[in-house]
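Since the structure comes first, as structure tokens, the remarks are kept for the end.
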Amino acid sequence: APRICVLGPSASGKTTVAMWLCKHLDAIRISQETLLFKETLALTKEAKAYKERKQKIPNALWANLIQERLSNVDCIKQGWILEGFPENQEQAWMLQSSGIFPRHVVVLYAPDTVLIERNSGKRLDPITGEVYHTTFDWPSDELVQQRLVKPEDLSEEETSKKLLEYHRNFPGVFQIYQKILKSINADQPCVDVLSQVLTYVQTRHRSAAPFTPRIVFCGPPGSGKSLQAALIAEKYHLVNICCGQLLKEAIADKTKLGELVKPYIDNGYPVPDKLVLKVLADRLNAPDCVANGWVLHGFPRDVEQGEELQKS
């Protein structure tokens, strides 16, 4: 499941990128707007009270609010795209102390003059708090179009202040996330920006942590699964497991599972998936498989078997 932060200065296109990623990756978008206007979390009221008093919401409250939201089942199962947060080093530290570690951090950038010009096109939905743009993200619903208003802080002076604050805070955020961070130029066609973002978030970072391979070979009869599995197992010192051979060994060893499997094999009937999975689970949990890794062929043969293997 994706765990992505989309960062960048005001008007760099964070919302557009985050929403597009959510649609493409089927992940949950988390932003300051969604946390304050769409969620019914325990801390939402407290955060809204600060907003209504036009006071700055404390970093600790933001971190706790995000932690509460990310601990929900949908975020755990589908993954999340965190938009516009953390804004500074303190917020990043608070996320880490809450156990929130993104896998990818995307930072959008563009010249300040371009961002100031772009910012003038922003429009706000006063009911939902959603932010739209006259050029890049105009809503299709006419009712929404009619109620959009120009945000109060769109003057060049306000935008310049925000950009100054962003430039002051960003080096601290960069320092924390530099190993998983990629900067992408937002001053180019939207399609190109989205393409570069998607390419990056689908990469896996190299790790020096110990790695135990778990490999499944699939393919039609005669495609060479057994040969490739044997070669891979020999080259990387893995345990080579053929599902059919494993069942025969269980019968030959006269194990309890082998005795249950024997009547099916003797009569030429397919062995039930539950029995096969029990035999496989026992073998894959053996010390040599756990220590060295394994390569499996002959199972799964269909979607149901694949799903059962994942569950086990």
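The values are calculated or read from the model by the stated rules, or taken from the named source; none is laboratory data. As the structure is a computational prediction, the values presented were derived from the model and not from experiment. Glycine also receives a Cβ, built like all others from the backbone with ideal geometry; neighbour counts cover every protein chain displayed. For accessibility, only protein heavy atoms count, side chains too; no ligands or nucleic acids. Shrake-Rupley method; radii C 1.70, N 1.55, O 1.52, S 1.80 Å.
What relative contact order, as a whole-number percentage, does the chain give when Cα pairs under 8 Å and 6 or more residues apart are counted?
Relative contact order of the chain: 18 percent.
Looking at segment 79-182, which trypsin sites (Lys or Arg not before Pro) are in a loop (DSSP not H, G, I, E or B) and have at most 16 other Cβ atoms within 10 Å?
In loop regions of segment 79-182 (DSSP not H, G, I, E or B), the sparsely surrounded trypsin sites (Lys or Arg not before Pro) are R103.
HN-Hα J couplings of segment 249-262 from phi, Karplus 6.51/-1.76/1.60, θ = phi - 60°, integer Hz, Gly and Pro as x?
In residue order, the calculated couplings are 5, 4, 5, 4, 7, 6, 6, 4, 5, x, 5, 6, 7, 3 Hz.
Please list the non-local residues whose amide H lies under 5 Å from the amide H of F299, H modeled 1.01 Å from N, same-chain partners needing a gap of 5 or more.
Amide H neighbours of F299, under 5 Å, 5+ apart: C243.
By accessible area of protein heavy atoms, probe 1.4 Å, what ranking do V131, V201 get, highest first?
Putting V131, V201 in descending order of accessible area: V131, V201.
Amide H to amide H under 5 Å from R29: which residues, 5+ apart in sequence or cross-chain, H placed 1.01 Å off N in plane?
I81
Rounded to two decimals, what is the ratio between the C-alpha radius of gyration of segment 24-98 and 2.2 N^0.38 Å?
Against the empirical 2.2 N^0.38 Å value, I get 1.08 for segment 24-98.
How far is it, in nm, from the label point at E158 to the one at E259 when both lie 7 Å from their Cα along the line to the Cβ?
Placing both labels 7 Å beyond Cα along the Cβ direction yields 7.9 nm.
What is the local net charge at L148, summed over the other residues whose Cβ is closer than 12 Å to its Cβ (Lys, Arg +1; Asp, Glu -1)?
Residues close to L148 contribute a combined charge of -1.
Accessible area of the chain with a 1.4 Å probe: how many percent of it is carbon plus sulfur?
53 percent
Ratio of Rg to Rh for segment 221-262, alpha carbon only, Kirkwood?
Using Cα coordinates only, the ratio equals 1.12.
Tell me which chymotrypsin sites (Phe, Trp or Tyr not before Pro) from segment 175-261 have a DSSP coil assignment and no more than 15 other beta carbons within 10 Å of their own.
Qualifying residues, ordered by number: F211.
Once you compute Rg and the Kirkwood Rh from C-alpha atoms, what is the Rg to Rh ratio for the chain?
Ratio of gyration radius to Kirkwood radius: 1.13.
Can you run the Rg to Rh ratio on segment 214-311? Use alpha carbon positions and the Kirkwood inverse-distance Rh.
0.95
For the chain, what is the accessible area per residue in Å², given a 1.4 Å probe and the full set of protein chains?
For the chain, the per-residue accessible area is 60 Å².
For a quick check of your reading of the filter: which chymotrypsin sites (Phe, Trp or Tyr not before Pro) in segment 97-153 sit in a DSSP loop and have no more than 14 other Cβ atoms within 10 Å?
Passing sites in segment 97-153 are F136.
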